[in-house]
Amino acid sequence: MDKELIIRSSHETVDFALLKDGKLIELQKDEDGNKFSVGDVFIAKIRKTVPGLNAAFVNVGYEKDAFLHYHDLGPKLPSLLKFTKRVSTGKLKEYSLKNFPFEKDIEKDGKIADVLKSNQSLLVQVVKEPISTKGPRISSELSIAGRYIVLVPFSNRISISQKIEDRAEKDRLKRLVKSITPQGFGIIVRTVAQGKKVAELDKDLQNALSRWTAMSKKLYKAHHPSKVLGEMNKASSILRDIFNDTFTGITVDDETLFYQIKDYLQEIAPKKESIVKLYQAKIPIFEKFGIERQIKTSFGKTVSMSKGAYLVIEHTEALHVIDVNSGNRSNKSNNQEETALQVNLIAASEIARQLRLRDMGGIIVVDFIDMTNSANRQTLFNHLREEMRDDRAKHKILPPSKFGLIQITRQRTRPEMNIKTREENPNGTNGSEVEAPIGIVNKITQDLERLLQKDYKKLTLNTHPFIAAFLTKGFPSIRSKWFFEHKKWVKVLPRDAYTYLEYHFYDKSGKKIK
């Protein structure tokens, strides 16, 4: 399994595309104007408490107040409030927490009005970016993420990632981390720490502590609200969270970003520094690596899959609904149940990819093709869980219901990635739109593969002149690629009378193939 990170930079945005064996599985965008990223820490003021919601609205400088629920306060809130007040007024200049006396924890199921007051200063961290009409979701339980550990101030807990299953390794890491953890801080050991030595863990810890100290220094007479700790640049934060030994290449088209990434890799994985490449060709980087084509075919309402199957993805305010269709798939299976299982397994893999690619969150309901065999339903459930194992967002998958539905909840921390794949209809008026040519060509290619399986000797394709030109112009053209792959030449005839989406195949006798 090879992983590549392709980074495209422009004046206002940086786009990150993660490829797994050449297939796009994750797409993220870093915009200059985004001042409220997950992980940012603000010194803010409580606007008002709302006892009915057991929450407070907090002014963090966004047009809508941030939302802070009682359960996101953290048990050590009184200690945090005391620390913030003393540092802000200059009475405390020692930030290590070594000799800082902790206050009594707040009650687990207490009332917001008992612990927070309007106009009170508070350190908060963004846990969910502003989405739609809502402001940021915040927490006062702070954490500073490093490569191998997460530093938690005002805590004494040491936790090990649940994804590390080896009991001996868990015990080893806990013992090592306990020996280097400073007083007043807790540590969460991340999955990538598996097998690492104490020196590497300690270096990561010291980096996190230096960020805590730098943040604390900014609190003295700080303007309210203001950002006192920002997440590292997007490239470094992505590498911090996803980089591992399976990466075979990181390609970037911006020289400044290129050197930033090399410097960061030199810190976390010196042996992998050579995989970073600066892209300088004239062809746009996303075109070169086939990412633009994958975006066009992956972000529409209808998503095509192998063997003629396809997904229909609908978005509503409350949830996402995904419908699985077998389409015109040629049935080589022995029976309907086996066909349904095969299509469902293909769909499960694509759905896991789509959730990451679009960063879909909240409630997702998937309507798989009905299967009567309980063993097949269990096979599908296990396969979907396995495919989503690499998903970094917290998620939960329920077993198939009697109606064949699978419900998924997935953590939403930033706005969903939504890319427009429809274009103006050249045949239409009044602003009507159709799928982009690449999307249509994808469907034509699938129909062609289905027909070639049935051993048609000669095939002629009639289609709209724009699509015909798209298929036949350039070298190698799409039609040429069909020939190299299937060793059969397809005649393409433009038809002026056809609508943009219309196309038909004909056999050697000129009879339309349905």
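Please go through region 188-210 and pick out each residue that is more than 14 Å from Q162 (Cα to Cα) and in contact (Cβ under 8 Å) with a residue 24 or more places away in the chain.
Of the residues in region 188-210, the ones more than 14 Å from Q162 (Cα to Cα) are 195-210.
G195, K196, E200, L201, D204, L205, N207, A208, L209, listed by residue number.
Sort through R175, R190 and tell me the only one that's open to solvent by less than 60 Å² (accessible area, probe 1.4 Å) and at pLDDT below 95. Walk me through how you get there before you give the answer.
Working: R175 fails: open to solvent by less than 60 Å² (accessible area, probe 1.4 Å).
Going through R175, R190 in turn, just one is open to solvent by less than 60 Å² (accessible area, probe 1.4 Å) and at pLDDT below 95: R190.
Between Y62, Y95, which is out of contact with any strand residue (DSSP E or B) (no Cβ under 7 Å at 6 or more places or on another chain), within 30 Å of A17 (Cβ to Cβ) and open to solvent by 20 Å² or more (accessible area, probe 1.4 Å)?
The conditions single out Y62.
Okay, residues lined up against (1) in contact (Cβ under 8 Å) with a residue 24 or more places away in the chain; (2) surrounded by 18 or more Cβ atoms within 10 Å (Cβ to Cβ); (3) farther than 30 Å from E12 by Cα; (4) among the aromatic types (F, W, Y):
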residue	(1), (2), (3), (4)
A145	yes, yes, no, no
K163	yes, no, yes, no
I180	yes, no, yes, no
M215	yes, yes, no, no
H224	yes, no, no, no
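Kindly establish whether N54 is open to solvent by less than 40 Å² (accessible area, probe 1.4 Å) and on the phi > 0 side of the Ramachandran plot.
So N54 passes the test.
Between a residue in region 268-284 that is in a helix (DSSP H, G or I) and any residue that is surrounded by 10 or more Cβ atoms within 10 Å (Cβ to Cβ), which pairs come within a Cβ distance under 6 Å, given they are 6 or more apart or on different chains?
Sorted first by the residue in region 268-284, then by its partner, the pairs are I268/R147; K272/L265; E273/K262; E273/L265; E273/Q266; I275/G249; I275/I250.
List the number of the failed condition for F154; all other conditions in (1) within 18 Å of K227 (Cα to Cα); (2) open to solvent by less than 80 Å² (accessible area, probe 1.4 Å) hold.
Every listed condition holds for F154 apart from (1).
Looking at (1) assigned to a helix (DSSP H, G or I); (2) at pLDDT below 80; (3) surrounded by fewer than 16 Cβ atoms within 10 Å (Cβ to Cβ), find the lone condition where L452 falls short.
(3)
Of A436, A468, A393, which residue is open to solvent by less than 40 Å² (accessible area, probe 1.4 Å) and at pLDDT below 75?
A436
Among residues belonging to region 318-337 that are open to solvent by less than 50 Å² (accessible area, probe 1.4 Å) and of a type in the set (S, T, N, Q), point out the one that is modelled with the highest pLDDT.
So the residue we want is N325.
Pick from region 285-302 the residues that are aromatic (F, W, Y) and assigned to a loop (DSSP other than H, G, I, E, B): which of them is nearest to the chain's Cα centre (by Cα)? Working first, answer last.
Taking region 285-302 as the starting set, the residues that turn out to be aromatic (F, W, Y) are 286, 289, 299.
Next, only the ones that are assigned to a loop (DSSP other than H, G, I, E, B) stay: 289, 299.
Details: F289: 20, F299: 14 Å.
The extreme case among them is F299.
Among the candidates K481, K443, K491, single out the residue that is basic (K, R), open to solvent by 80 Å² or more (accessible area, probe 1.4 Å), free of Cβ contacts under 8 Å to residues at least 40 places away in the same chain and in a helix (DSSP H, G or I). I'd like the intermediate steps shown before the answer.
Details: K443 fails: free of Cβ contacts under 8 Å to residues at least 40 places away in the same chain; K491 fails: in a helix (DSSP H, G or I).
Going through K481, K443, K491 in turn, just one is basic (K, R), open to solvent by 80 Å² or more (accessible area, probe 1.4 Å), free of Cβ contacts under 8 Å to residues at least 40 places away in the same chain and in a helix (DSSP H, G or I): K481.
Looking at region 80-96, is at least one residue touching a residue at least 12 places away in the same chain (Cβ under 8 Å) and within 33 Å of the chain's Cα centre (by Cα)?
Taking every residue of region 80-96 in turn, at least one turns out to be touching a residue at least 12 places away in the same chain (Cβ under 8 Å) and within 33 Å of the chain's Cα centre (by Cα).
Working only within region 359-390, note down all residues that are modelled with pLDDT under 90 and closer than 14 Å to L319 by Cβ.
M360, G361, G362
Starting from region 1-17, keep only residues that are touching a residue at least 24 places away in the same chain (Cβ under 8 Å), then list their pairs with residues that are open to solvent by less than 20 Å² (accessible area, probe 1.4 Å) and part of a loop (DSSP other than H, G, I, E, B) whose Cβ atoms are within a distance under 9 Å, requiring at least 6 positions of separation or different chains.
K3/F243; L5/F243
Sort through A340, A352, A281, A347 and tell me the only one that's surrounded by fewer than 20 Cβ atoms within 10 Å (Cβ to Cβ) and out of contact with any Lys or Arg (no Cβ under 6 Å at 6 or more places or on another chain).
After applying the criteria, what remains is A281.
The values are calculated or read from the model by the stated rules, or taken from the named source; none is laboratory data. What you see is a predicted model; the values in this text were computed from it and never measured. All Cβ positions, even for glycine, are placed from backbone atoms using ideal geometry, and neighbour counts span all protein chains on display. For the accessible areas, the whole protein counts, side chains as well, though only heavy atoms, and no ligand, DNA or RNA atoms are used. Shrake-Rupley method; radii C 1.70, N 1.55, O 1.52, S 1.80 Å.
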